[in-house]
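The values are calculated or read from the model by the stated rules, or taken from the named source; none is laboratory data. If you're wondering where the values come from, they're calculated on a predicted model, not measured in any experiment. Ideal geometry is used to build each Cβ from the backbone, glycine not excepted, and the neighbour counts take in all protein chains shown.
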Amino acid sequence: MSEIIKKNLSEIIELLKKKEIKSEELVNLYIDKINKSKKLNSYITTCFEHTIQKAKEFDKKPNINSLLPGVPLAIKDLFCTNGFKTTAGSKMLKNFIPNYESTVTENLWKEGAILLGKLNCDEYAMGSSNETSHFGNVINPVAKDTVPGGSSGGSASALAADLTPATIGTDTGGSIRQPASFTGTVGLKPTYGLCSRWGIVAFASSLDQAGPMTKSVKDCSIMLEAMAGFDKKDSTSIEKKKENYSKNLKTDIKGLKIGIPKEYRVENMPKEIDELWNNGKRILKDLGAEIIDISLPHTKYALPTYYIVAPAEASSNLARYDGVKYGYRSSKGNDLIEMYMNTRSEGFGDEVKRRILIGTYVLSSGYYDAYYLKAQKVRQLIKKDFDENFGKIDAILTPSTPSSAFKIGEKTNDPISMYLNDIFTVPVNLAGLPAISIPAGLDKKGYPLGLQLIGKTLDEQNILNIAYAFEKNCNFKNEIKNWWL
Amino acid sequence: MSKDKFDYFIKGEKNQYEVIIGLEVHAQVLSNSKLFSGSSTKFGAEPNSQVSLIDSAFPGMLPVINKECINQAIRTGLGLNAKINKNSVFDRKNYFYADLPQGYQISQYKNPIVGEGKVLLDMPYGSKEIGIERLHLEQDAGKSIHDMDPSSTFVDLNRSGIALMEIVSKPDLRSPEEVNAYIKKLRTIMRYLGTCDGNMQEGSLRADVNVSVRKVGDKKFGTRCEIKNVNSIKFMQMAIEYEAKRQVELLDEGKKIDQETRLFDTKKNETRSMRSKEDAHDYRYFPDPDLLPLKIEQKLIDDLKKSLPELPDNKKERFINEYGLNSYEANVLVSEKEISDYYEEAAKLSDKKLAATWMMGDLFAMLNDKGLNISNSPISAKNFAELVQSIKTGEISGRIAKEVFEIMVESGDNPKNIIVSKGMKQQSDPKELEKIINEILFKNKDKVDQYKSGKEKLFGFFVGQVMKQSDGKANPQLTNEILKKLLKG
């Protein structure tokens, strides 16, 4: 097995730019390992003919001035890809082939990247362990009996197993950061509106945001630069100038004020998470940052708020999957209503149904004020907590997750305990802020653990810089042993 | 129709009832593309040929507001003397139906773009103000076609996503006539503004009609029923009459009215229950997270206000003052913008009062006969003015004018050419006329004697002879004068 695919994206780009490796050669290295790694179940769809074809085209006329010159990239199967099956991990869309390309993936192809395949995820991105996918659960390359997290579990698994040099996921309540934390990789959820949502299968529109998942912070900045940008097709897209995150990356964080929110020290949190957090604080302090204790008093309401807002929006967003126009249609039923009921009963999995039911309930007349409206008010308070603190600090440091990767099947029958996994990531989505999860250590089982840096609105550069400095001083080493080969 | 007192009451067995009506009018916004997508809104295209990925709700598709539709709603609001809300919100109205691809309709629920306004009606018993509760923007659904196949329903999504304005009136209407006047007035205002073509055959204007009754003198409203989706004024009137009688009968029998949604069956001329209040849909409205709240700048409102055309109420005032028309004439001539434009063009070139008389008489009768409207009239406003002016100056008589008019309709030629080429010019030379008249008097000496001895009815006979002799071209006024003078002598 070649050592090249173990390298970071930025190193691979250098090799391609220097023509030390051809895109086609690189692609073949990945294809070889993908073919040998089916056990992980991280890919739903591969499109090797297309990938090789595109690589050959690149090699003939290499444009090395682009950000991702001839780089193959696998993509979470929530992004619509023109001519390639896009399933959202659901039976409902198992044969759905869009004839359009999501803005974010289009941006990647424009920068020279090549589609390598579509990565497994929780059904409609609803899950924290990649166990709700219609296409089966994904295995964490860290240890064969553990989940990779979710919903971007296929992305995290493929990345950690060197089945793609980088990838993108979507993060509605932690779906990039939690799997990044579980697999010892870097995951960034940008400011809401930085990356276009156009062409991404919607889960919860006011929370969904696409972001990069990479092996290093520098890789993360390159990917973010390539995928972000204003899109007039998305009304919630932010109109602003493109930034050169990778060029502006720096390690000098002297004098920056880092907030430590006391509310994130939750009950029954494993001691090793606490130690990880303390270690993180120490590293940043040693780098010249100032550590400041802060309070985000409404944090405890974030999870219940999220589990009202997200299902409410999902219940409406998923109404279009009715068997009429595209996707799965049940063959049973004598009239329209029966066709709807059978299609949706057979086409959706349990977790999706659970959230549609919750969402429908909280929007129902008589319950709307008590649930949805109240949740929206609390959401404002959570946002206000952050805003008030960001007057006096530059970023916030928290653990990414309350535990390391858990065992497959461990939480599938206990949705609440599954939901609790997102406790540190959810507030950021509710506030629309950017946050990055970076690998920060291993627990006693040798599983990776991540720390989360939360930034101000559109302050991606700043949290990338802090993460970059942290990475250089943390000496984290991901020990993936390729046990599945 | 000309009543000077309002008298629409329904007589029950015991009591007399008043009918309370409120309308929710759905007016299709005149715009090239749909409310949230770039698809065309043209009527009558091949089924499903004007459907984008957004209109058919493909995964990951997002709505983007069409600014022209916003402007049209603001214009309409201004035309209804209504408050424009600088902050409004698009909500999702959730329900499942085969012609609703998203599974929800994007509408405005709690915060509409336009608030309270008013519309003035000219009723025979005086003018009446009808309150507007609100106007909001929403998407139209597609069309389900049930009669093409016995076992399946076909769906045409061309209409899916087209912008509609829902204009909700206050319960201020009291009779089918007022409903008729209200709808026509709304349509006139929107046509003036160019915000809705008001074409009811093509479904550009339809209404949900809320009807309740109460004993004359009662202050409290009765329980209302909503009659859904009525698409002609005639059907609205029929539905109201039926529904009001039905409610009165129930009340007279001591029964209660159930609040419900009803359908109007145009074949049987009756309303039928569609669903009761208990079965009402729970639409689970909530703000559409794909769209930011709609903010409207004062400057936009001001700019649109400045660009508004003169509206019918103002134009009517002006026609009365400027052209000396009476209220009835002015009303008719401002009822459509094209009519008022035609009239003004003609009135500038001819006698204003005579132009009005001829327009409302011969011109309208001809258009009506031929099933034409003013925009495709075979007589241009300029030619029409020339004709009117020829009458006014005495070049031709009113009778000849009718002949010229006929020829103008057939040939499209201008009246001057017709008069000259057909030698229809009126004989207005007194010397020539005197010559003709003298000849006639000479030939009919006996009748002259009879006339002089008191048989004055014979005057008509002499006029007839003059007309006959002159091929009808003798100037009637001049003929009268000269005849009288010569008969005296």
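Hey, which of the strands (runs of 3 or more DSSP E) in segment A:28-133, taking only ones fully inside, have at least 1 residues that are within 14 Å of another protein chain (Cβ to nearest Cβ)? Give the steps one after another, and end with the answer.
Numbers: elements: A:43-46, A:72-76, A:114-119.
Fully inside segment A:28-133 and qualifying: A:72-76, A:114-119.
Which one is nearest to the other protein chains (Cβ to nearest Cβ) among residues in segment A:146-205 that are polar (S, T, N, Q), assigned to a loop (DSSP other than H, G, I, E, B) and over 24 Å from A:ARG379 (Cβ atoms)?
Filtering segment A:146-205 for residues polar (S, T, N, Q) gives A:146, A:151-152, A:155, A:157, A:164, A:167, A:170, A:172, A:175, A:178, A:181, A:183, A:185, A:191, A:196, A:205.
Next, only the ones that are assigned to a loop (DSSP other than H, G, I, E, B) stay: A:151-152, A:164, A:172, A:175, A:185, A:191, A:196, A:205.
Then drop every residue that is not over 24 Å from A:ARG379 (Cβ atoms), which leaves A:164, A:185.
On the way: A:THR164: 21, A:THR185: 25 Å.
Ranking the candidates gives A:THR164 first.
Of all residues in segment A:209-236, those satisfying the criterion of being in contact with a Lys or Arg (Cβ under 8 Å, 6 or more places away or on another chain) and facing chain B (nearest Cβ under 9 Å) are A:ASP234, A:THR236.
Say whether the condition of being within 14 Å of chain B (Cβ to nearest Cβ), without any contact (Cβ under 8 Å) to a residue 40 or more places away in the chain and farther than 28 Å from A:PRO141 by Cβ is met by at least one residue in segment A:377-388. Checked against the condition, which is being within 14 Å of chain B (Cβ to nearest Cβ), without any contact (Cβ under 8 Å) to a residue 40 or more places away in the chain and farther than 28 Å from A:PRO141 by Cβ, segment A:377-388 yields at least one hit. Within segment B:343-367, being within 16 Å of B:ILE320 (Cα to Cα), surrounded by 21 or more Cβ atoms within 10 Å (Cβ to Cβ) and hydroxyl-bearing (Ser, Thr, Tyr) holds for one residue alone: B:TYR343.
Is it the case that A:GLY391 is at positive phi and surrounded by fewer than 24 Cβ atoms within 10 Å (Cβ to Cβ)? Considered against the rule, which asks whether it is at positive phi and surrounded by fewer than 24 Cβ atoms within 10 Å (Cβ to Cβ), A:GLY391 comes out as no.
Taking the options A:GLU313, A:GLU338, name whichever one is within 28 Å of B:ARG284 (Cα to Cα), within 14 Å of another protein chain (Cβ to nearest Cβ) and surrounded by fewer than 17 Cβ atoms within 10 Å (Cβ to Cβ). Reasoning before the result, please.
Numbers: A:GLU313 fails: surrounded by fewer than 17 Cβ atoms within 10 Å (Cβ to Cβ).
Answer to the selection: A:GLU338.
Filtering B:SER375, B:SER335 for residues that are under 22 Å from B:ALA181 (Cα atoms), within 15 Å of the chain's Cα centre (by Cα) and among the hydroxyl-bearing types (Ser, Thr, Tyr) leaves a single hit, B:SER335. What about A:ILE273, is it touching a Pro at 6+ places or on another chain (Cβ under 6 Å) and part of a helix (DSSP H, G or I)? So A:ILE273 passes the test. Exactly one residue among A:LYS85, A:LYS56, A:LYS60 is in contact (Cβ under 8 Å) with a residue 40 or more places away in the chain, of a type outside the set (Asp, Glu) and farther than 19 Å from A:CYS195 by Cα, and that residue is A:LYS85.
To keep it simple, each residue is scored yes or no on (1) under 30 Å from B:LYS219 (Cβ atoms); (2) part of a loop (DSSP other than H, G, I, E, B).
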position: B:GLY22; (1), (2): yes, no
position: B:VAL25; (1), (2): yes, no
position: B:LEU35; (1), (2): no, yes
position: B:PRO63; (1), (2): no, yes
position: B:ILE70; (1), (2): no, no
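In the list A:ASN268, A:ASN248, which residue meets the criterion of being under 28 Å from A:PRO311 (Cα atoms), more than 22 Å from the chain's Cα centre (by Cα), more than 14 Å from chain B (Cβ to nearest Cβ) and not in a helix (DSSP H, G or I)?
On the way: A:ASN248 fails: under 28 Å from A:PRO311 (Cα atoms).
The unique qualifying residue is A:ASN268.
Considering only segment B:447-467, I want to know if a residue exists there that is in contact with a strand residue (DSSP E or B) (Cβ under 6 Å, 6 or more places away or on another chain) and at pLDDT below 85. So far as segment B:447-467 goes, no, none of its residues is in contact with a strand residue (DSSP E or B) (Cβ under 6 Å, 6 or more places away or on another chain) and at pLDDT below 85. Taken over segment B:189-211, the criterion of being closer than 21 Å to B:MET123 by Cβ, touching a Ser or Thr at 6+ places or on another chain (Cβ under 8 Å) and modelled with pLDDT of 95 or more is satisfied by B:ILE189, B:MET190.
A quick yes/no check of all residues on (1) within 14 Å of another protein chain (Cβ to nearest Cβ); (2) over 24 Å from the mean Cα position of the chain (by Cα):
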{"site": "A:LYS374", "(1), (2)": "yes, yes"}
{"site": "A:ASP394", "(1), (2)": "no, no"}
{"site": "A:PRO415", "(1), (2)": "no, no"}
{"site": "A:MET418", "(1), (2)": "no, no"}
{"site": "A:ASN429", "(1), (2)": "yes, no"}
{"site": "A:GLY441", "(1), (2)": "no, no"}
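When you look at B:SER340, is it touching a residue at least 40 places away in the same chain (Cβ under 8 Å), among the small types (Gly, Ala, Ser) and either over 30 Å from A:LEU318 (Cβ atoms) or loosely packed, with under 15 Cβ neighbours inside 10 Å (or both), yes or no? For B:SER340, the condition - touching a residue at least 40 places away in the same chain (Cβ under 8 Å), among the small types (Gly, Ala, Ser) and either over 30 Å from A:LEU318 (Cβ atoms) or loosely packed, with under 15 Cβ neighbours inside 10 Å (or both) - is not met. Within segment A:409-430, residues that are within 15 Å of A:VAL352 (Cα to Cα) sit with their Cβ atoms under 7 Å from residues that are surrounded by fewer than 17 Cβ atoms within 10 Å (Cβ to Cβ), at 6+ positions apart or across chains, in these pairs: A:PRO415/A:ARG354. All conditions but one from (1) in contact (Cβ under 8 Å) with a residue 60 or more places away in the chain; (2) touching a helix residue (DSSP H, G or I) at 6+ places or on another chain (Cβ under 7 Å); (3) part of a helix (DSSP H, G or I) apply to B:MET360; the one that does not is (1).
Of all the criteria given as (1) in contact with a helix residue (DSSP H, G or I) (Cβ under 7 Å, 6 or more places away or on another chain); (2) loosely packed, with under 14 Cβ neighbours inside 10 Å; (3) not hydroxyl-bearing (Ser, Thr, Tyr), the one not satisfied by B:GLU322 is (1).
Looking at segment B:260-353, the helices (runs of 4 or more DSSP H) lying wholly inside it that each contain 2 or more residues that are within 30 Å of A:TYR192 (Cα to Cα) and modelled with pLDDT of 95 or more sit at B:298-306. Listed conditions (1) within 11 Å of another protein chain (Cβ to nearest Cβ); (2) crowded, with 23+ Cβ neighbours inside 10 Å; (3) not in a strand (DSSP E or B) are all met by B:THR76, apart from (1). So in segment A:51-94, with the set limited to residues that are closer than 19 Å to A:ALA156 by Cβ and among the small types (Gly, Ala, Ser), which one is surrounded by the fewest Cβ atoms within 10 Å (Cβ to Cβ)? Step by step, filter segment A:51-94, then rank; the result is A:ALA74.
To keep it simple, each residue is scored yes or no on (1) buried (at least 17 other Cβ atoms within 10 Å of the Cβ); (2) free of Cβ contacts under 8 Å to residues at least 40 places away in the same chain; (3) among the aliphatic types (A, V, I, L, M).
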position: A:LEU224; (1), (2), (3): yes, no, yes
position: A:ILE238; (1), (2), (3): yes, no, yes
position: A:MET269; (1), (2), (3): no, no, yes
position: A:ASN278; (1), (2), (3): no, yes, no
position: A:GLU290; (1), (2), (3): no, yes, no
position: A:THR299; (1), (2), (3): yes, no, no
position: A:LEU303; (1), (2), (3): yes, no, yes
position: A:VAL309; (1), (2), (3): yes, no, yes
position: A:ASN317; (1), (2), (3): yes, no, no
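What number of residues in segment B:258-276 are under 11 Å from B:VAL211 (Cα atoms) and either surrounded by fewer than 17 Cβ atoms within 10 Å (Cβ to Cβ) or not assigned by TED's automatic domain parsing to the domain that holds B:LYS228 (or both)? So the count comes out to 1. Residues considered: A:THR360, A:THR343. Of these, the only one that is among the polar types (S, T, N, Q), touching a residue at least 12 places away in the same chain (Cβ under 8 Å) and surrounded by 21 or more Cβ atoms within 10 Å (Cβ to Cβ) is A:THR343.
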